[in-house]
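Colleague: Supplied in structure tokens, the structure appears directly below.
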Amino acid sequence: MGQELELQPQDSRHYFMLPQAPQDAGYYTYGQMKGKPSNGAYQYATASMITAILWVEREWQTMDGRKFGVGDISLTGGLANKDHKTHRSGLEVDIRPMRKDGKHEPCRWWDAEYDHDATEKLIELFCINSPVILIYFNGPNLPVVRKWPKHDDHFHLQLVA
Ligand SMILES: [Zn+2]
């Protein structure tokens with residue numbers, strides 16, 4: 001018999017969970033809930049956000065063998081949470097800066113493993129095809145980004161509603 005189709009989880013807003021990064025995807029997912037992978041619990045996204053991430057993923061794969069790390073987007077139903085004041089719309093995503101070694105681990109912009117050029121390329125890709133209205137990140141010498149407290153190990157990217 002044919003392979004059974006796995007249904008992508010969907011919440012009360014009809015937002016889908018970001019696909020949890022199949023093996024050959026250009027991104028990986030990470031979660032911050034209690035420091036453990038959240039298995040997508042924090043990754044319910046608008047259609048525009050899913051499209052933005054998947055589009056960047058396709059482009060990124062053609063240029064770079066490393067994967068980029070996608071973190072919190074929003075909880076199911078847009079529930080409030082104590083980790084973020086924002087991240088309730090499905091239009092905001094946290095993404096790790098690129099590491100030179102490509103490890104699926106956190107990285108701050110002052111770490112030796114921080115790859116400025118690759119991070120810049122990643123940010124540019126998001127801006128090329130998506131309605132980005134703001135990016136918070138404290139890494140130096142990057143276009144578009146604005147500095148904001150606590151944004152040293154990820155950039156926070158928001159799309160227009
Ligand atoms: Zn954020």
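Colleague: Calculated from DSSP H runs of 4 or more alone, at -39500 (n - 2.57) each and per residue, what is the 222 nm mean residue ellipticity of the chain, nearest 500?
Modeller: -6500 deg cm²/dmol
Colleague: Return the long-range amide H neighbours of THR29 (sequence gap of 5 or more, or a different chain), with a cut-off of under 5 Å between placed amide H atoms.
Modeller: Here the answer is VAL70, since their amide H atoms fall under 5 Å of that of THR29.
Colleague: In sequence order, what are the phi-derived ³J(HN,Hα) couplings for region 141-151 according to the Karplus relation 6.51 cos²θ - 1.76 cosθ + 1.60 with θ = phi - 60°, rounded to whole Hz, with x for glycine and proline?
Modeller: These are the phi-based 3J(HN,Hα) values: 6, 10, x, 6, 6, 10, 6, 7, x, 6, 9 Hz.
Colleague: So, in the chain, how many Lys pairs have Cα atoms under 21 Å apart, if the pair is 8 or more places apart or on different chains?
Modeller: For the chain, the number of qualifying lysine pairs is 18.
Colleague: Please go through region 87-160 and write out the GluC sites (Glu not before Pro) that DSSP classes as loop and that have at most 15 other C-beta atoms within 10 Å.
Modeller: Qualifying residues, ordered by number: GLU113.
Colleague: Here is a further query. Given 5 Å bins starting at zero, what is the percent of C-alpha pairs of region 105-161 in each, up to the one with the largest pair distance?
Modeller: 4, 20, 32, 25, 14, 4, 1, 0
Colleague: So what are the ³J(HN,Hα) numbers for region 6-11, from phi and the Karplus equation (6.51, -1.76, 1.60; θ = phi - 60°), rounded to whole Hz, Gly and Pro as x?
Modeller: So the Karplus estimates, Gly and Pro as x, are 7, 7, 6, x, 9, 9 Hz.
Colleague: What's the angle, to the nearest 10 degrees (0 to 90), between helix 116-129's Cα axis and the longest principal axis of the chain?
Modeller: 50 degrees
Colleague: Can I ask one more? Which whole-Hz couplings ³J(HN,Hα) result when phi for each residue of region 95-106 is put into the Karplus expression 6.51 cos²θ - 1.76 cosθ + 1.60, θ = phi - 60°, listed in order with x for Gly and Pro?
Modeller: 10, 6, x, 6, 9, 4, 7, x, 5, 8, 9, x
Colleague: Next question, about the same structure. Suppose every Lys and Arg Cβ carries +1 and every Asp and Glu Cβ carries -1, with no other charges. What dipole size does region 1-156 come out with about its Cα centre, to the nearest 20 debye?
Modeller: So the dipole magnitude of region 1-156 works out to roughly 520 debye.
Colleague: In whole Å, what are the extents of the chain along the principal axes defined by its C-alpha atoms, from largest to smallest?
Modeller: Between the extreme Cα coordinates on each principal axis of the chain lie 50, 37, 31 Å.
Colleague: Name the residue from SER89, PHE68, PRO19 whose Cα lies farthest towards the positive end of the charge dipole of region 16-159, charges +1 on Cβ of Lys and Arg and -1 on Cβ of Asp and Glu.
Modeller: The one lying farthest along the dipole's positive direction is SER89.
Colleague: Excluding GLY102 itself, what net charge comes from residues whose Cβ is under 12 Å from its Cβ, given Lys and Arg +1 and Asp and Glu -1?
Modeller: My count for the surroundings of GLY102 gives +1.
Colleague: So how tilted is helix 47-63 from the main axis of the chain? Cα-based, degrees 0 to 90, rounded to 10.
Modeller: Once rounded, the angle reads 60 degrees.
Colleague: Label point 7 Å out from ASP117 along Cα-to-Cβ: which residues of region 50-73 have amide N under 16 Å?
Modeller: Within reach of a label on ASP117, which here means backbone N under 16 Å from a point 7 Å along Cα→Cβ, region 50-73 contributes 63-66.
Colleague: Peptides 72-78, 148-154: what's the order by average Cβ count within 10 Å, highest mean first?
Modeller: 72-78, 148-154
The numbers here are math on the coordinates, done by the rules we state, and not lab data. Since the structure is predicted, the reported quantities are computational estimates derived from the model, not experimental observations. Heads up, the Cβs are rebuilt from the backbone with ideal geometry, glycines too, and the neighbour counts pull from every protein chain shown.
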